[in-house]
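Reading through the structure tokens given below for one structure.
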Amino acid sequence: MFAISLGDDGAELRPLEPRHAEEYLAHIDRGREYIGQYIALSDRATDLASATAFLQSYADKAAADSGRLYGIWTDGVLVGGVLFRTFDAESGNCEVGCWLEEAAVGRGLITRAIRVLIDWAVEERGMHRVEWIAASSNTASVNVAKRLGMVRDGVLRESNPYRGVRHDMEVWSVLAQEWRERRASGR
């Protein structure tokens, strides 16, 4: 197994696989309410079988080259993750996403981990466009897109029905050339 350091604070990015189902479920249980504010991830893992099934769905996506899932560990504890929710090598488009339990918020973990994913997608896999989609009310997620230098493409008004409320969803993106220029300038 590999681990990618996310900096000098000991945080690591690693593949999140079906064999991690117990650890993943414990993580989701710790952060269920916080994680579930904007995304249904916590609703998909309510017991060991459903946690395993979710992780297996991403193992299957990885095998089909259509998505990938990575965990963020700090001090040996799973605290969140990032993913390629969609990955279409033929079109050169993918969507990245994230989640984090509340105890790990404010350390830049998501921004650092997503940089790793975008670097890999653009430089290793030749992706042309990387998207980020977030509820307009999810200020933390929108701020990550801004820190990554993404451009706000638009708002899908009331497009996401979630927990009885229709949410506006913002679409952000970065193109490969923009990403390379940003990285070359040290931003």
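The values are calculated or read from the model by the stated rules, or taken from the named source; none is laboratory data. The structure presented is a predicted model; accordingly, all values stated were derived computationally and were not measured. Cβ placement follows ideal geometry from the backbone for every residue including glycine, while neighbour counts extend to all protein chains displayed. Surface accessibility is based on the protein's heavy atoms, side chains included, excluding ligands, DNA and RNA. Shrake-Rupley method; radii C 1.70, N 1.55, O 1.52, S 1.80 Å.
Using θ = phi - 60° and the Karplus form 6.51 cos²θ - 1.76 cosθ + 1.60, what ³J(HN,Hα) does each residue of segment 61-69 get, whole Hz, x for Gly and Pro?
4, 4, 5, 8, 6, 10, x, 8, 9
Go ahead and estimate [θ] at 222 nm for the chain from helices alone: -39,500 (n - 2.57) per DSSP H run with n ≥ 4, summed, over the residue count, rounded to 500.
Details: 5 runs with 60 residues, N = 187.
Calculated mean residue ellipticity at 222 nm is -10000 deg cm²/dmol.
In segment 54-187, what % of DSSP beta bridges are antiparallel (nearest 5)?
On the way: 30 of 34 bridges.
Percent antiparallel among DSSP bridges in segment 54-187 is about 90.
What ³J(HN,Hα) values, in whole Hz, does the Karplus curve 6.51 cos²θ - 1.76 cosθ + 1.60 give for segment 131-141 when θ = phi - 60°, with x put for Gly and Pro?
Computed from phi, the couplings for segment 131-141 are 9, 9, 10, 9, 4, 4, 7, 8, 4, 4, 5 Hz.
Would you give the gap between the C-alpha center of segment 42-57 and the C-alpha center of segment 1-30, rounded to a whole Å?
Centre-to-centre (Cα) distance: 15 Å.
To the nearest 20 Debye, how big is the dipole of segment 77-116 about its Cα centre, given +1 on the beta carbon of each Lys and Arg and -1 on that of each Asp and Glu? If you can, show how the numbers build up before the last one.
Details: 4 positive and 5 negative charges, 49 e Å.
Computed about the Cα centre, the dipole is about 240 debye.
Would you please give the residues with an amide H less than 5 Å from that of His167, counting only those at least 5 places away or on a separate chain, with H modeled from the backbone geometry?
Here the answer is Ser159, Asn160, Tyr162, since their amide H atoms fall under 5 Å of that of His167.
Once amide H atoms are built 1.01 Å from N in the peptide plane, which residues 5 or more positions from Ala135, or in another chain, come under 5 Å H to H?
Here the answer is Glu170, since their amide H atoms fall under 5 Å of that of Ala135.
For Ser5, Ser50, Ser159, give me the order by solvent-accessible area with a 1.4 Å probe, most accessible first, ignoring ligands, DNA and RNA.
Working: Ser5 80, Ser50 30, Ser159 55 Å².
From most accessible down to least: Ser5, Ser159, Ser50.
What is segment 41-110 by shape, rounded, prolate or oblate, if you read a ≥ b ≥ c off the alpha carbon gyration tensor as root eigenvalues and call it rounded for a/c under 1.5, prolate for a/b larger than b/c, and oblate otherwise?
Values: a/c = 2.33, a/b = 1.32, b/c = 1.77.
In terms of gyration-tensor shape, oblate.
Multiplying the sequence separation of Arg14 and Arg163 by 0.36 nm and subtracting their Cα-Cα distance, what value in nm do you get? Before the final figure, lay out the partial values.
Details: separation 149, 0.36 × 149 = 53.64 nm, distance 3.08 nm.
Length difference between fully extended and current span is 50.6 nm.
When Lys and Arg each count +1 and Asp and Glu each count -1, what net charge do the other residues less than 14 Å away from Gly7, Cβ to Cβ, add up to?
Cβ neighbours under 14 Å give a net charge of -1.
With an 8 Å cut-off on Cα pairs and a minimum separation of 6 or more residues, tell me the relative contact order of segment 10-165 in percent. Let's see the in-between values first.
Working: 217 pairs, mean separation 30.5, N = 156.
Normalised by residue count, the contact order of segment 10-165 is 20 percent.
Among Val77, Leu100, Ala21, flag the residue with its Cα farthest along the positive direction of the charge dipole of the chain, charges on Cβ as +1 for Lys/Arg and -1 for Asp/Glu.
Highest projection toward the positive end goes to Leu100.
About its Cα centre, what dipole magnitude does the chain give when the only charges are +1 on Lys and Arg Cβ and -1 on Asp and Glu Cβ, stated in debye to the nearest 20? Each step should come with its number before you reach the end.
Working: 23 positive and 28 negative charges, 101 e Å.
Here the chain has a charge dipole of around 480 debye.
With θ set to phi - 60°, apply the Karplus curve 6.51 cos²θ - 1.76 cosθ + 1.60 along segment 178-187 and write out the HN-Hα couplings as whole Hz, x wherever there is a Gly or Pro.
Result, rounded to whole Hz: 4, 4, 4, 5, 4, 5, 5, 7, x, 8.
Report which label in (1) 44, 34, 33; (2) 43, 41, 33; (3) 47, 35, 23 holds the value of Cα extents along the principal axes in Å derived from the coordinates of this structure.
(2)
Please list 37-43, 108-114, 170-176 highest first by mean number of surrounding beta-carbon atoms within 10 Å per residue.
Values: 37-43: 16.0, 108-114: 21.3, 170-176: 19.0.
Averaged packing, sorted descending, gives the order 108-114, 170-176, 37-43.
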